[in-house]
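Asker: I'd like to ask you about the structure that follows.
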Amino acid sequence: ENFTLLSRVRNKPYDVFGCWLNETNLISGNLHRIGRITSCSVLWLNNAFQGIESENVNVVKRLFKIQNLNASTIRTVMVADCSRYDSPDLLLDYEEQLAASSTCPVFDLGSDSEEEGAKPKPPPEPAVQELPDAGGVPAEHGLQQLFDGIMEGHARPAMTETELETKVAELFVRNRTKPPEPNLIPTDSNSKTKYLIFTTGCLTYSPHQIGIKRILPHQMTTAGPVLGEERRSDEFFDSLDHVIDIHGHIIGMGLSPDHRYLYVNSRAWPRDCVISDPMQPPPIAEEIDLHVFDLKTMKEVKRALRAHRAYTPNEECFFIFLDVSRDFVASGAEDRHGYIWDRHYNICLAKLQHDNVVNSVAFSPVEQELLLTASDDTTIKVWRSPRAMRIRQARRPRPRKLLFSWLLNQKS
């Protein structure tokens, strides 16, 4: 009411974005440099209602500490609540999606015309991999001997400085990482477990993997021990519980309303590309692929959509937000359009015209057939579906012409 500052949340870099964990706590991040291309991301649990006088002091608890290799960082943090899986949204199988998408037209709500939507080409399926138990993996004896020889001055490295730093960091993290929690996928439908989801990577600075870390109930409060107080001396970093490799540059993520499905915008790398320099990632496709992952099974469940486009090169690639409602998914694009699809049939329902890049879209939380799009043309546009417009027009009271004419005659 009086615009009192409740808390100050520190976040670095800016594209960690941060998110709410629950009604009283937020998650943010901080980046610490270890070497030229090696860093560490610390994720913080922040009290959103501090209850202290100074707004310059933030009430936080260190939640996780994760090592970043090859100039990658943790970005786009979000939380999925597993307890909301009880009423999953309907998602159809591939055959039904394919039959529907081959016959449905695409409507441009910015004009009176309509055009046939091009049938998207299925891209190569991204690899989904479980991380090994980092705590139980022994270091390679050859790498250990090489490292010892370099430190003692008996050997010269037969690799670049960047490659050597990465190898040393991998060796260090294998022996200084807390093992992942067992049984990632909850068997109890009423589980209070939450998943921390973010973009990350292991090959290059461009975000190409989705990291998933389970947050246990006792970790969801700023009270209690902070990170490190109950650890063994060799547990310096936290391991990820699950990693999904997209094999491309991730430019957007969003959760379905029931938090069961994760939607991911990405621009694919060439199929057989090899990354030799983490600062020189592969070229990325102009087509934006929209993937859907089931967080209950950790598998991709829908054929990837490829209907919108982006043109900026890898080193200039930026985030394009998407949003998901009960029945629809929407995304921006660099082709001066926003897009709306039917979630269940993968049909492109509408193209929303702008004069420049569409960076962000958002459904109304109370009316899913109302969408906002924000563009570099300096406008925010509000769109309603034709059905919603017909309903609104039907409800609009019509003037009674006879009564109006009678009143005019009386005045004259």
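Asker: Does region 327-335 contain any residue that is open to solvent by 30 Å² or more (accessible area, probe 1.4 Å), closer than 20 Å to LEU203 by Cβ and at pLDDT 90 or above?
Answerer: no
Asker: Restricting attention to region 7-44, report how many residues are charged (D, E, K, R) and open to solvent by less than 50 Å² (accessible area, probe 1.4 Å).
Answerer: 1
Asker: Within region 27-57, take every residue that is of a type in the set (D, E, K, R) and part of a loop (DSSP other than H, G, I, E, B) and give me the one that is modelled with the highest pLDDT.
Answerer: Per the stated criteria, the residue is ARG36.
Asker: Still on this structure, I have one more. Would you be able to say whether some residue in region 58-75 is in contact with a helix residue (DSSP H, G or I) (Cβ under 6 Å, 6 or more places away or on another chain) and part of a strand (DSSP E or B)?
Answerer: yes
Asker: Within region 140-170, can you find the residues that are hydrophobic (A, V, I, L, M, F, W, C) and either under 15 Å from CYS40 (Cα atoms) or at pLDDT 75 or above (or both)?
Answerer: Correct list: LEU164, VAL168, ALA169.
Asker: Suppose the filter is closer than 17 Å to SER360 by Cα and open to solvent by 10 Å² or more (accessible area, probe 1.4 Å); does LEU240 pass it?
Answerer: So LEU240 fails the test.
Asker: Out of the residues in region 353-373 that are assigned to a strand (DSSP E or B) and more than 15 Å from PHE321 (Cα to Cα), which is least open to solvent (accessible area, probe 1.4 Å)?
Answerer: Among residues in region 353-373 that are assigned to a strand (DSSP E or B) and more than 15 Å from PHE321 (Cα to Cα), the one least open to solvent (accessible area, probe 1.4 Å) is LEU370.
The rows are residues; the columns are (1) closer than 17 Å to TYR261 by Cβ; (2) touching a Gly at 6+ places or on another chain (Cβ under 9 Å); (3) free of Cβ contacts under 8 Å to residues at least 40 places away in the same chain; (4) buried (at least 17 other Cβ atoms within 10 Å of the Cβ).
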residue	(1), (2), (3), (4)
THR297	yes, no, no, no
GLU315	no, no, yes, no
PHE319	no, yes, no, yes
THR379	no, no, yes, no
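Asker: Ok, one more. Looking only at residues in region 260-283 that are in contact with a helix residue (DSSP H, G or I) (Cβ under 9 Å, 6 or more places away or on another chain) and over 24 Å from THR160 (Cβ atoms), which one is most open to solvent (accessible area, probe 1.4 Å)?
Answerer: For region 260-283, the residue satisfying everything is ARG260.
Asker: Cβ contacts < 6 Å: first residue within 22 Å of THR373 (Cβ to Cβ), restricted to region 383-399; second residue modelled with pLDDT of 90 or more and among the aliphatic types (A, V, I, L, M), any location; separation 6+ or different chain. Result?
Answerer: Correct list of pairs: TRP383/LEU352; TRP383/LEU371; ARG384/LEU370.
Asker: Please work out which one of (1) over 30 Å from CYS82 (Cβ atoms); (2) touching a Gly at 6+ places or on another chain (Cβ under 8 Å); (3) hydrophobic (A, V, I, L, M, F, W, C) is the condition MET279 fails and give its number.
Answerer: That leaves (2) as the condition not met.
The values are calculated or read from the model by the stated rules, or taken from the named source; none is laboratory data. Note that the coordinates shown come from a computational prediction; the quantities given were computed from them, not determined experimentally. Neighbour counts are summed over all protein chains in view; Cβ atoms, including those assigned to glycine, are modelled from backbone coordinates with ideal geometry. Surface accessibility is based on the protein's heavy atoms, side chains included, excluding ligands, DNA and RNA. Shrake-Rupley method; radii C 1.70, N 1.55, O 1.52, S 1.80 Å.
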